[in-house]
């Protein structure tokens, strides 16, 4: 082998190593979504019930809804706010593969955040989303007004 071939091979190896390192760094900078309460792969379908009519969410809406629900915070029943807003839907039903469905009962909106009852996730209290109105907007787009 001559020196030029050896130089090209060394450069090729260094470039490949740089690509591998860059790919690993990008996976560190883009964290995977939180699956605190329910796994994304565990969901068969989700529906929002509005005026007793079920509306099925598409895949993108399901994933956004699960992102918002998985970062919800448990709150005690004694911390339920008194200045609450009315609701625009009846319930959310999450159908899972090989497991019973999860029914989330909305209680109120408080400062654009949904407060809901999820007995499987917080049996002694309620849950509050922290999306600052993004969950409310998503839910309002899932059914016909």
How tilted is helix 3-29 with respect to the longest principal axis of the chain? Cα atoms for both, answer in degrees (0 to 90, nearest 10). 10
Please compute the modelled spin-label separation between residue 71 and residue 12, points set 7 Å along Cα→Cβ, answer in nm with one decimal. 4.5
Label model pair residue 41, residue 59: point-to-point distance (7 angstrom along the Cα→beta-carbon line) in nm is 1.6
Kindly give Rg over Rh for the stretch 40-140, based on alpha-carbon atoms, with the Kirkwood expression for the hydrodynamic radius. 0.94
With angles folded into 0 to 90 degrees, how steeply does helix 59-70 sit against the dominant principal axis of the chain? Use alpha carbons for both and round to 10. 80
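Using helices alone, what [θ] at 222 nm do you get for the chain, with -39,500 (n - 2.57) per DSSP H run of 4 or more residues, divided over all residues and rounded to the nearest 500?
Counting only the DSSP helices, I get -10500 deg cm²/dmol.
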Report relative contact order for the chain in percent, whole number only (criteria: Cα-Cα under 8 Å, sequence separation at least 6). 22
Between residue 25 and residue 130, what is the label-to-label distance in nm when each label sits 7 Å out along the Cα-to-Cβ direction? 3.0
Set of the stretch 87-126 residues, backbone N closer than 15 Å to the point 7 Å along the Cα-Cβ line of residue 78: 124-126
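No lab work stands behind these numbers, since they all come straight from the coordinates. Given the structure is predicted, the values throughout are model-derived calculations rather than measurements. Cβ: placed from backbone, ideal geometry, glycine included. Neighbour counts: every protein chain shown.
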